[in-house]
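For reference, the structure discussed in these notes is given below.
Every number in this text was worked out from the coordinates using simple rules, so none of it is lab data. Only a predicted model underlies this, so the values are computations on that prediction, with no experimental measurement involved. As a convention, Cβ positions derive from the backbone with ideal geometry for all residues, glycine included, and neighbour counts pool all protein chains shown.
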Amino acid sequence: MAEPATGVFRVPHSMTFPRRLLRNRSAAAGLVILVVILLTALLGPYLVTKNPIKTAPLQRLKPPSTDHVFGTDSLGRDILSRVVHGTRISLVIGLISVSISLVPGILIGLLAGYFGGWVDSVLMRLMDVLLAFPAILLAIFITAILGPSLPNTMIAVGIVYIPHYARIIRSNVLSLRERLFVQAVGHLGGSHARILLRHILPNSLAPIIVYATLGMGTAVLQAAALGFLGLGAQPPQPEWGAMLSEGRQYIQIAPHVAAFPGAAILLLVLGFNLFGDGLRDVLDPSLRIP
Amino acid sequence: MQLRYVANRLGQLLLVMFGVSILVFWMLRMIPGDPAQLLLGEYASPQALAELREKLGLNRSYAAQYGIYLTKVLQGDFGRSVRTGAPIFQEIWIRIPATVELAVAAMLIATLFGVAAGVISAVKHRSLWDYTAMFLALIGVSMPIFWLGLMLIYLFSVRMSLFPMMGRLSMGQDLPVVTGLMIVDALLSGNGTLLTDSIHHLILPAFTLSTIPMAIIARITRSSMLEVMHMDYIRTARAKGMGEATVILRHALRNACLPVITVIGLNLGLLLGGAVLTETIFSWPGLGRYVVDSLMARDYAAVQGCILMFAGMMAFINLGVDLIIALLDPRVRIHG
């Protein structure tokens, strides 16, 4: 790993950063939710022993009871077990989708902001083209082309959000490239690659971290929407959006089938949003909403 | 308004739409399988396939194919639907009013409640009102709208029987189509029962679709109002003895509205996307549901037509918003 160069961005007041983060009510609440969900993803499958895929036709559409805390679905599967197993899937979707957006997004934003001119114009117009589509529609189109599956959902959601990260990084780079420490490295003969990777990129970490955290929530929502439309995870995978889709058919007689996976999505997205808002307040107080 | 600014924005819009057409064309060519086979079905004869390939220009180079495609699109020819055989442009055209009606109703709800919540939060800063409104706004942006729609259907349609579950009018009701907007058509027909019925059908889907923009508008209104409330002219207005309501509504809100208008405009585009899910849940016969149905039927030409239409609508909405903002704020057209 590269050692931090002089003038490289460090999380402000790094010694007190965790404490400041925990003192922020939004970040603390988000962190609690995310830790609980993470523990559910890691330990849940060992604690909830019912098989999430095994069908039991005689037990179909049972309301919540002591035996089935969240009830059963149309095939008699235990909904609690499916929600718990689905936690891993949703977390992985969030992580991978955001990673897919981040890598090209950062690269495009860095190049466009740093070089400016025609490089900026070409790259940003390309991003404008992607932004011209409503996000869910573009994701639907990409998934339709790639074929409905969980990995393709992640790719689609990842591609859709590339322009958002590119724009954020670009605007950050535009202000950074005028700063004295960046200009000094240039005058001392530092190469473009060195300036970008050792000086500008590390100083852009704060907005990247903030928007990536908030982006996880958005990615989970979009992937769930694709799952809901039948374009995401395929049966019998216990993905929350797909479970909601199934619940839709039984909303009049068994609302619990849709209620619990939806509540799980809400909780996870709320966790990312609360934590992201708190992170933004701590890392970049200038963006803070009073 | 400076003509140069408008021309510049129009030029950018055309450039983006040109890029959109290339991207959609390229993506359609990426779909595995032969388009001719897709159109004619599995059991088509080799001769029929060859004829159709020739007719569609599939034997030519990609550049030539793109030329044909662009010419047709510019003439409003998106091809024919595999499912119905009808021209896709016509299929899209008859569905646009339903989506527009839903999006406009949702935006009205979002603006009304969002601005009110934002103003109250700012005026009663750090009070229980403020915390509750902002928590609800956070829930609003975190909630899957397709789940909210289902829960509202269960609560208000299944349990309480207050609102209908789906559609734009009750079974057996019929309304002569003039504009395609049910409420407007009901008003034009002078039939009060149909007007009530169409509003009744609109409330649940519009509220579902409004939640995310409502939450965003509330947050922006609050932060914008908080900024303005500390300005000198507000203090002066109060010092002159103006009533608090006048200070807030006439001086603070009017000056705080620019970012709010921007967000409202940008969210109109978001509403078009959200309409895909809301229309699917409420069986609302608009463009969003048509995309999903076409997708399920592998009617890619229809999907392509809808996507181009959505992108075009979004581009024009964004242009409209930019122009309104430039009209309201001279700094934008000078620096923009």
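Brief remarks follow.
Residues checked against (1) in a helix (DSSP H, G or I); (2) touching a residue at least 12 places away in the same chain (Cβ under 8 Å); (3) within 27 Å of B:Asp299 (Cβ to Cβ):
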| residue | (1), (2), (3) |
| --- | --- |
| A:Val129 | yes, no, yes |
| A:Leu138 | yes, yes, yes |
| A:Ile155 | yes, yes, yes |
| A:His164 | yes, yes, no |
| A:Ile168 | yes, yes, no |
| A:Glu178 | no, no, no |
| A:Phe181 | yes, yes, no |
| A:Ala184 | yes, no, no |
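- Any hit, region B:38-50, residues being closer than 21 Å to B:Val291 by Cα, in a helix (DSSP H, G or I), in contact (Cβ under 8 Å) with a residue 24 or more places away in the chain and within 24 Å of the chain's Cα centre (by Cα): no
- When B:Val141 is tested against (1) under 23 Å from B:Ala206 (Cα atoms); (2) outside any helix (DSSP H, G or I), exactly one condition is not met: (2).
- Test for B:Met165: is it in contact with a helix residue (DSSP H, G or I) (Cβ under 6 Å, 6 or more places away or on another chain), outside any helix (DSSP H, G or I) and either within 14 Å of chain A (Cβ to nearest Cβ) or free of Cβ contacts under 8 Å to residues at least 60 places away in the same chain (or both): yes
- Residue within region A:194-206 that is at negative phi, more than 10 Å from chain B (Cβ to nearest Cβ) and not in a helix (DSSP H, G or I) present: yes
- So A:Gly278, is it touching a Pro at 6+ places or on another chain (Cβ under 9 Å) and either more than 22 Å from A:Val157 (Cα to Cα) or at the interface with chain B (Cβ under 8 Å from one of its Cβ atoms) (or both): no
- When residues in region A:226-275 are screened for being acidic (Asp, Glu) and either at the interface with chain B (Cβ under 8 Å from one of its Cβ atoms) or touching a strand residue (DSSP E or B) at 6+ places or on another chain (Cβ under 7 Å) (or both), 0 of them pass.
- Meets criteria (within 11 Å of chain A (Cβ to nearest Cβ), buried (at least 23 other Cβ atoms within 10 Å of the Cβ) and among the aromatic types (Phe, Trp, Tyr)) for B:Phe316: no
Yes/no per residue for (1) more than 10 Å from every other protein chain (Cβ to nearest Cβ); (2) surrounded by fewer than 18 Cβ atoms within 10 Å (Cβ to Cβ); (3) not in a helix (DSSP H, G or I):
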{"residue": "B:Ala137", "(1), (2), (3)": "yes, no, no"}
{"residue": "B:Leu150", "(1), (2), (3)": "no, no, no"}
{"residue": "B:Leu155", "(1), (2), (3)": "no, yes, no"}
{"residue": "B:Leu169", "(1), (2), (3)": "yes, yes, yes"}
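- Considering each residue of region A:169-180 in turn, none proves to be within 13 Å of chain B (Cβ to nearest Cβ), surrounded by 22 or more Cβ atoms within 10 Å (Cβ to Cβ) and not small (Gly, Ala, Ser).
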